Amino acid sequence: MLIELEVEGVGQDANGFPVVVLRDKPEGKRVLHIWVGMLEAAAIHLELEGHHPPRPMTHDLIRSIFDELSVRVGQLVICDMRDETYYAELTLHQNGQERRLDCRPSDGIAIALRTHAPIFIPDELLSRVEHPEAGKGGFVVQGDQTIH
């Protein structure tokens, strides 16, 4: 069974590394942290905040290409974790055909946010990797560091 996730925010862990915080919908009791690169964190954060730079960023360009080619993003599935690395598949629809593309979760999240596509994770994977130490009120606390 797939569990839908929503992006709660982007922050930093105790060592200053960027992390995306996802929470299950609609209950919001299960939390997933995905560590990402600085550029991907910025792209996700900008979209969450509704800030649009004067020139398109890479993920904005991808959305524009999809729009021009009549490609619809169906969903992003964070499908696996191996060797402490998450794997994801982006499902695309065009002319009645469905294609699934391997992608980094960070890029998939940035694209899903821009195209309003849902984000999912298999229940068994979320059970294996969820972060039970999540706080309430939109904040996640790890050690002495609060992630917003």
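Per-residue extension of 0.36 nm, minus the Cα-Cα distance of Met38 and Arg128, leaves a gain of 29.8 nm for this segment. Between the entries (i) 11, 41, 35, 11, 1, 0; (ii) 10, 29, 20, 10, 7, 7, 6, 5, 4, 1, 0; (iii) 11, 31, 23, 15, 10, 7, 3, 0, the label attached to P(r) over Cα pairs in 10 Å bins from 0, in percent calculated for this structure is (i). The distance between label points at Met81 and Glu27 comes to 1.8 nm (points 7 Å beyond Cα on the Cα→Cβ vector). Helix 38-49 against the longest principal axis of the chain: what's the angle in degrees, Cα atoms only, rounded to the nearest 10? Helix 38-49 and the main axis of the chain meet at about 80 degrees. Remark on Arg104: its backbone amide H falls under 5 Å from none of the residues 5 or more positions apart or on other chains, H modelled at 1.01 Å from N.
Rounded to the nearest 20 debye, the dipole magnitude of the stretch 2-137 is 220 debye, with +1 charges on Lys and Arg beta carbons, -1 on Asp and Glu beta carbons, and the Cα centre as origin.
On full extension, the segment bounded by Asn15 and Arg99 gains 26.5 nm, given 0.36 nm per residue less the C-alpha separation. The calculated 222 nm mean residue ellipticity attributable to helices in the chain amounts to -8000 deg cm²/dmol, summing -39500 (n - 2.57) over DSSP H runs of n ≥ 4 and dividing by all residues.
Close amide-amide hydrogen proximity is noted between His131 and Val31, Leu32, His33, each under 5 Å apart and 5 or more residues distant or on a separate chain (H modeled in the peptide plane; Pro and chain starts excluded). Quick one: among His116, His33, His131, which has the greatest mean-square fluctuation in a GNM of the chain with alpha-carbon springs under 10 angstrom? Its mean-square fluctuation being the largest, the pick is His116.
Every number here is computed from the coordinates shown, using simple stated rules; none is lab data. Since this is a predicted model, take the numbers as computed values, not measurements. All Cβ positions, glycine included, derive from the backbone under ideal geometry; neighbour counts span all protein chains shown.
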